Amino acid sequence: MMRPTNPEIQSLIDRALAEDLAFSDPTTGSIIDTAITGLGVIRSKATGVLAGVDVALGVFQRVDPALRTDALVSDGSTLEPGMSIAHVEGCVTSILQAERTALNFLQRTCGIATATQAYVEAVRDYDVRIIDTRKTPPGLRNLDKYAVRMGGGHNHRLNLADGILIKDNHLAALAYSGLGLKQAIELALSQASHMVKIEVEVTSVEDAQLAAEAGAHVIMLDNMDIEQMRKAVEVIDSRAAVEASGGINMESVRAVASTGVDLISVGGLTHSVHALDIGMYLEFP
């Protein structure tokens with residue numbers, strides 16, 4: 001559960017409501033009597049995976065604490081067209097002011113969870129994990145990564161402090177000082193806490209072997225073709241976990257999994273989200 005009372009999530013909700021000027025709605029304010037009460041039913045209009053229902057309901061509570069909210073389905077559940085997800089009952093003015101912001105959160109998180117589940121299912125018969133990246137819109141990372149978990153995926157680094165990942169630009173900067181891949185890994189190992197893993201990005205089979213010999217804990221195979229990946233996995237020979245990364249999609253993910261990599265990172269889970277179709281419908285006694 002992603003609790004809306006979490007200070008970070010509460011701040012995110014507040015910023016979203018401020019962006020939408022939810023409390024300055026001339027449409028609702030000019031034509032809807034504040035005495036009218038009703039029931040808002042949030043329903044899925046597509047098949048997918050539920051994620052973030054409590055955050056969505058937290059939006060309604062933030063607009064009007066007197067609203068009564070009830071999640072009918074728990075995060076991680078499968079949604080079908082027409083399925084009721086949650087109820088919001090009370091002042092219709094408040095419900096309308098919160099509606100769009102709540103649905104924006106919910107459609108995005110469900111879209112991420114649904115896409116993640118599709119990748120997980122595609123490689124279910126391989127011993128591999130689908131993981132996300134840090135390619136998330138500013139401010140949404142914790143929520144996006146929660147949605148990935150609800151879809152059955154796993155998280156890569158949450159932030160820069162979560163581990164050492166030596167990428168191409170780090171290596172380019174070190175090369176300016178005369179240091180190569182092996183020296184970069186050795187330097188990181190000498191400076192890092194024993195609690196911190198070191199991952200390095202490589203683009204060739206030769207560098208994959210060098211990284212394994214130097215003691216990297218995780219080796220990222222960046223934009224390699226399938227045959228290169230197979231050879232890299234072979235030369236690494238279980239001395240490090242192996243991550244495949246770069247342009248992987250639903251058409252290629254099974255072939256990538258067949259190479260024997262341990263992790264497959266998919267940036268598209270969060271940077272190219274296809275929102276799940278979800279709506280809210282008002283009902284009256």
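The values are calculated or read from the model by the stated rules, or taken from the named source; none is laboratory data. Computed from a predicted structure; not experimentally measured. Cβ sites come from the backbone with ideal geometry, for glycine too, and all protein chains shown count toward neighbours.
Considering only residues that are among the aliphatic types (A, V, I, L, M) and free of Cβ contacts under 8 Å to residues at least 24 places away in the same chain, look in region 195-240 and name the one that is surrounded by the fewest Cβ atoms within 10 Å (Cβ to Cβ). Once the filter is applied, the top-ranked residue is Met195.
Cβ separations smaller than 7 Å between residues 6+ apart or across chains give the following pairs from region 21-36 residues that are hydroxyl-bearing (Ser, Thr, Tyr) to residues that are surrounded by 10 or more Cβ atoms within 10 Å (Cβ to Cβ) and at pLDDT 90 or above: Thr28/Thr93; Thr28/Leu96; Thr28/Gln97; Thr34/Cys91; Thr34/Thr93. Scanning region 4-44 for residues that are in a strand (DSSP E or B), farther than 16 Å from Leu67 by Cβ and in contact with a helix residue (DSSP H, G or I) (Cβ under 9 Å, 6 or more places away or on another chain) yields a single hit, Ser44. Every test in (1) without any contact (Cβ under 8 Å) to a residue 24 or more places away in the chain; (2) outside any helix (DSSP H, G or I) is passed by Glu243 save one, and that test is (1). May I ask you to verify whether Leu210 is more than 20 Å from the chain's Cα centre (by Cα), farther than 26 Å from Arg141 by Cα and assigned to a strand (DSSP E or B)? Spelling it out, it is not the case that Leu210 is more than 20 Å from the chain's Cα centre (by Cα), farther than 26 Å from Arg141 by Cα and assigned to a strand (DSSP E or B).
Counting only strands (runs of 3 or more DSSP E) that fall entirely inside region 122-204 and contain at least 1 residues that are within 27 Å of the chain's Cα centre (by Cα) and farther than 21 Å from Ser258 by Cα, the qualifying elements are 164-166, 198-202.
Looking at the structure I just gave you, is Leu174 touching a helix residue (DSSP H, G or I) at 6+ places or on another chain (Cβ under 9 Å), among the aliphatic types (A, V, I, L, M), farther than 16 Å from Val266 by Cα and not assigned by TED's automatic domain parsing to the domain that holds Asp14? Answer is yes for this residue. Residues being surrounded by 24 or more Cβ atoms within 10 Å (Cβ to Cβ) and touching a helix residue (DSSP H, G or I) at 6+ places or on another chain (Cβ under 9 Å) are represented in region 82-93 by at least one member. Quick one: is Gly260 within 21 Å of the chain's Cα centre (by Cα) and either surrounded by 15 or more Cβ atoms within 10 Å (Cβ to Cβ) or modelled with pLDDT of 95 or more (or both)? Spelling it out, it is not the case that Gly260 is within 21 Å of the chain's Cα centre (by Cα) and either surrounded by 15 or more Cβ atoms within 10 Å (Cβ to Cβ) or modelled with pLDDT of 95 or more (or both).
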